[in-house]
Amino acid sequence: MKKLYAHLDELASHIADMEKRNERISASTVGWQIEHSLMTIRFVTKGLLASDPSLFSRSFNFTKIFILFTGKMPRGKAKAPKYVLPDEFNEETLQKHILKTKEALAELTLAQPNQFVEHPYFGKINKKETIRFLGIHTFHHIKIIRDILAA
């Protein structure tokens with residue numbers, strides 16, 4: 001969880017650059033990358049906390065195993081679901097969203113081990129796998145932000 005909080009701090013540090021973009025890296029702005037990351041954390045956390053742990057079951061999923069094991073997500077291979085696609089945001093809303101996302105992470109620590117979320121590519125992932133996924137996903141977007149700003 002420490003990594004996730006550190007990732008949130010780094011996302012917050014890039015809010016001032018929210019309008020920057022580099023089409024060679026991504027069609028999206030830095031702000032879009034930040035908002036998408038925050039939306040994903042909050043949506044996934046909300047889903048996990050609402051789940052019934054008695055309904056969790058493990059299943060083999062190569063994509064899940066590969067990404068959770070390597071800690072890397074390939075760029076441009078997956079399409080984000082509509083419910084985590086940013087619409088409108090500004091510096092003020094991003095700052096507020098950072099705080100709300102930190103609150104969501106605090107709630108996530110209270111979840112039971114087999115509470116889960118249904119991931120569109122991985123299937124059911126429990127609390128531990130969810131925390132790992134959120135760290136990998138957020139860092140994936142941080143690397144995109146870093147590349148946009150470095151170009």
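The values are calculated or read from the model by the stated rules, or taken from the named source; none is laboratory data. This is a predicted model, so every value here is computed, not measured. Quick reminder, even Gly has a Cβ in these numbers, built from the backbone with ideal geometry, and neighbours come from all protein chains shown. Remember, those area values only see protein heavy atoms, side chains included, never the ligands or the DNA or RNA. Shrake-Rupley method; radii C 1.70, N 1.55, O 1.52, S 1.80 Å.
Kindly indicate which of 103, 88 is part of a loop (DSSP other than H, G, I, E, B) and either without any contact (Cβ under 8 Å) to a residue 40 or more places away in the chain or touching a Pro at 6+ places or on another chain (Cβ under 6 Å) (or both).
The conditions single out 88.
Which one of these is in a loop (DSSP other than H, G, I, E, B) and closer than 24 Å to residue 26 by Cβ: 111, 80?
It is 80.
Looking at the range 117-128, which of its residues are in contact with a helix residue (DSSP H, G or I) (Cβ under 6 Å, 6 or more places away or on another chain) and not in a strand (DSSP E or B)?
Result: 121, 122.
Please specify each residue of the range 1-17 satisfying the condition of being assigned to a loop (DSSP other than H, G, I, E, B) and within 15 Å of the chain's Cα centre (by Cα).
1
Can you spot a residue in the range 6-25 that is under 21 Å from residue 115 (Cα atoms), in contact (Cβ under 8 Å) with a residue 24 or more places away in the chain and charged (D, E, K, R)?
Among the residues of the range 6-25, not one is under 21 Å from residue 115 (Cα atoms), in contact (Cβ under 8 Å) with a residue 24 or more places away in the chain and charged (D, E, K, R), which makes the answer no.
If residue 76 passes every condition in (1) among the small types (Gly, Ala, Ser); (2) without any contact (Cβ under 8 Å) to a residue 60 or more places away in the chain; (3) under 15 Å from residue 150 (Cα atoms) but one, which one does it miss?
(3)
In the list 98, 34, 41, which residue meets the criterion of being within 15 Å of residue 144 (Cβ to Cβ), under 13 Å from the mean Cα position of the chain (by Cα), modelled with pLDDT of 95 or more and among the β-branched types (Val, Ile, Thr)?
34
Which of the residues spanning the range 102-151 are under 23 Å from residue 6 (Cβ atoms) and among the acidic types (Asp, Glu)?
103, 107, 129, 147
So for the range 65-83 (the condition being of a type in the set (A, V, I, L, M), under 20 Å from residue 33 (Cα atoms) and in contact with an Asp or Glu (Cβ under 7 Å, 6 or more places away or on another chain)), does at least one residue qualify?
No, because not a single residue in the range 65-83 is of a type in the set (A, V, I, L, M), under 20 Å from residue 33 (Cα atoms) and in contact with an Asp or Glu (Cβ under 7 Å, 6 or more places away or on another chain).
For the range 18-70, name all the residues that are part of a loop (DSSP other than H, G, I, E, B) and surrounded by 12 or more Cβ atoms within 10 Å (Cβ to Cβ).
18, 20, 21, 25, 28, 29, 51, 56, 58, 61
For a quick check of your reading of the model, give me the residue pairs whose first member lies in the range 45-61 and is hydroxyl-bearing (Ser, Thr, Tyr), whose second is open to solvent by 60 Å² or more (accessible area, probe 1.4 Å) and modelled with pLDDT under 95, with beta-carbon atoms closer than 6 Å and at least 6 apart or on different chains.
That search, which allows pairs on different chains as well, returns nothing.
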